[in-house]
Amino acid sequence: LKGIDKCLAKKMAQPATTHQPPAEYSQPPAPGDLHSWQNEFRGVVKEALSRGVPVVALSAPTGSGKTKAVLEAAKFAVDRGLASLVVAVGRTKTQQEAFIRDNEQFGIGFMAVRLPSKIEACEQIRVAQKPPDDWDEEEKKEYSAMLARKAKCGSCPLNFFTSSIRLDALKRFVVEATNKMRNADDNLYVDELKDRLREEIQKERGPAEAERGNVCAYSAVKTATAYMVAKGEPVLSVGTYPHVLSRARVLLLNICRGDTAEEEELDSVEKNIEEPKCRAVVVIDEAHNLWKEVKDFNKYSISDKRILNVAKDLAAYCKDNPEESWCVKFNKQGGIDRILRHFTKTIGKLVEVNSSRKARRDGYVKVPEQSDIPIEVVLEGLLAVLEEVCKPYLDEFGKLTKDDMRIARAYMLMKTVKRFLNVLGRMETGWGIYSIIDKGRKSLVLLPIDLRGIIDRARETFHGLWILLSGTINRSEVEDLFGRVVRFYSVSSVKFGKLAVQIAVSRDVDFLTTRHDERNESMYKKYAVAIPRVLHGAAGPLRLVAYTSYSVMKSVRKHYVPPGGAEERWERRGEKFKREIEKLLEEGKLVNLHAVAQGSFVEGIEFKLDDGRSAIGTVVVVGIPIPKIFDDYHVDVARHFGYLDRRCAEELHRAPDFADAPEKCKAKLIEWGYTLAETALKQIIGRAIRGPQDSATLYLLDTRIAVVPRLRDALCRGLHYHVECSEIPAEELINAI
């Protein structure tokens, strides 16, 4: 990354100057109608529907009413028979909750249904054998997906009890549970539904049946929602991105047919054949995250440790079952353990050789089509062994029938190897294969480059209007993902809330920074002093500190001494942690929340007080939140999005270090980094300013920002808030050192 620093140094060579806020920001204009644009936007949607425009992108600030406007426009489409239902998806519970809340608050008229995760709601999956602790996260994810494909509502005996409930009652339970548990995690939502279903069974069939018979919340949601669609009622189904963009969309395809007979789940999604169609309005919230989300749930890897673990499991299986035909065959060849360990070493060597082409091997390094170790030959050999193992346990459709975790582990590796070979054999295009060495694990990773292909497949299935929502929409990225048929509507006239921006400055541009070459214990100690000084007496019952990465947060935390007077909380996963923060606020406590930029606590989430104001009065940003994009995969994506041309992409692939690439190519990639950083900063600020009555102070603790005109102007001139910018000497923040 030395080259990044050299390039940044040149761009930042100009001296820091005090930035005065624009005159028009000095006195906020008189409050007006913040929502007057909504009628115009509804007209845009009506025009799009009448003219067959497939995608509308809405850029509007939080608090301006974009959720309400979209719901009203979508209701028009359903009322006119232009869509069977509306599907609204987001990344976090807060994003999903907003649709359910606004539908109820403003009386839009939808029957709102929260779509649960099949993994959390299906009883066949909930009672299935859990994977052992030594499985890695990707194996657990693949296992859950396998169970989801295997579990069929039509063949589940629990439906005998669920289907005995009258459809009108089932509909009422699902809609009531959706509104009651709209901000709870999936487990609590599922438990609420199951309790209601059991109560109804007890009332209709007696306590013995209710006690003896189990119920399935997944089946209940599917049946009730399909019933409403069949009746022609306006349905708003709210879920996560995979409900539209992955195999999880089979739930909506069943619902869209309006079939309550609990037939088998549609298999066409996984068989790569033409799917049924659903005429729906699809709403994608926080659409700036779309490409990253699609990448995350379309990632597959083969590591040396994964093959080694499969080898150990299969060796143990053969010890318990020496008579199995494949065990007998491989024992004659020295044993399955020895055979698979050969592939462990070969894959490890291939990754080692490929990743050694780069100075940093913990990033994605693209595997060339021609290499000294032919990857295709290696994977074909590995596949042949795994197919020999799994063949006796597969049905006519190639699905695993044996209930043994060791065989399941080998089966999932076999499916992953096939995915790699499909890409290598060009049966699937738009993907890239990369190597990475992370914490001793040597992996080959398959990642999607042509993200539009995945989205196009979903759009063919849900062939109604798609509406994209975000306060930070990037036009070029949206057009790349959806084509140049997008109708853009930007709400630029709305300004509300007050934001005071304090930018740390110094004559030394690297005095306080998270720049990679400057990261050391001395710098972390500076931050550990500066952050408490800012937080001491800061405004708001909740103060948000956003770090550029988990590693920076962890390093600063080692030296951090709390300023006192507030509860300190460091980011953890899950809704329970959010509820913990809310409980502290309800108790009147002051809270300093430390989180990571682009994580779940700085995007798509809100903390509000009883009077509706935002609880966050202070935001501290530690560093410039440029994501880790200086690797071969992100070079490929940058080229796909048009930030790089073919020549620059090839130069960056060839360069052993970013510093060795041509300056022009480095500058182009850095510009994309600034684009992503600008989006991340605006999302962080959006956690504090949620409506006209909110105000907050933003501290930018990186002395590079003051001399990067693009970022400085984006924050001081390009926000929807009434902004006043000023500078604070970085030396004053850490004069205790």
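Numbers for the structure displayed
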| item | result |
| --- | --- |
| Amide proton proximity set for Ser549, modelled H, under 5 Å, gap of 5+ | Ala597 |
| Accessible area in square angstrom per residue, the chain, 1.4 angstrom probe | 41 Å² |
| Solvent-accessible surface ranking, highest first, for Thr472, Thr401 at 1.4 angstrom | Thr401, Thr472 |
| Amide H partners (placed H, <5 Å) of Cys278, local residues excluded | Phe462, His463 |
| Rounded to the nearest 10 Å², the accessible area of Met427 at probe 1.4 Å | 150 Å² |
| Residues whose placed amide H lies under 5 Å from that of Tyr300, excluding near-sequence neighbours | Leu446 |
| Pairs from Lys171/Lys295; Lys299/Lys666; Lys141/Lys402; Lys329/Lys402; Lys312/Lys402; Lys312/Lys415 whose Cα-Cα separation, in the structure shown, is over 29 Å | Lys171/Lys295 |
| Per-residue SASA entry for Ser470, accessible area with 1.4 Å probe, Å² rounded to 10 | 0 Å² |
| Solvent-accessible surface ranking, highest first, for Val505, Val45 at 1.4 angstrom | Val505, Val45 |
| With all protein chains modelled, accessible area of Leu158 [1.4 Å, Å²] | 40 Å² |
| Listed residue (Leu413, Val509, Val637) projecting farthest to the positive dipole end of the chain, Cβ model | Val509 |
| Solvent-accessible ranking of Leu424, Leu85, largest area first, probe 1.4 Å | Leu424, Leu85 |
| Net charge of Cβ neighbours under 15 Å - reference Tyr560; Lys, Arg +1; Asp, Glu -1 | +4 |
| Given charges at Cβ of Lys, Arg, Asp, Glu: the chain dipole, positive-most of Phe496, Pro157, Thr401 | Phe496 |
| Rel. contact order, % - alpha carbon contacts under 8 angstrom, at least six apart, the stretch 606-737 | 33 percent |
| Environment charge at Leu609 (Cβ cut-off 12 Å; Lys +1, Arg +1, Asp -1, Glu -1) | -3 |
| Mean ellipticity per residue at 222 nm, deg cm²/dmol - from DSSP H runs of n ≥ 4 across the chain, formula -39500 (n - 2.57) | -14000 deg cm²/dmol |
| At least 18 Å along the helix axis (C-alpha) and Kyte average at least 0.0, DSSP helices within the chain | 66-79, 217-230, 375-390, 405-424, 521-535 |
| Relative contact order of the stretch 341-487, defined on C-alpha pairs under 8 angstrom at six or more residues apart (%) | 25 percent |
| Estimated dipole of the chain in Debye, rounded to 20 [Cβ of Lys and Arg +1, of Asp and Glu -1, Cα centre] | 780 debye |
| Projected label distance in nm at Lys402 and Lys329, using a 7 Å step from Cα toward the beta-carbon | 1.2 nm |
| Shape of the stretch 586-629, Cα gyration tensor, a/c cut at 1.5 | prolate |
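The values are calculated or read from the model by the stated rules, or taken from the named source; none is laboratory data. Everything numeric here is computed off the predicted structure, so don't read it as measured data. Positions of Cβ are generated from backbone atoms using ideal geometry, with glycine treated the same way; all protein chains shown enter the neighbour counts. Heads up: the accessible areas ignore ligands, DNA and RNA and are worked out on the full protein's heavy atoms, side chains in. Shrake-Rupley method; radii C 1.70, N 1.55, O 1.52, S 1.80 Å.
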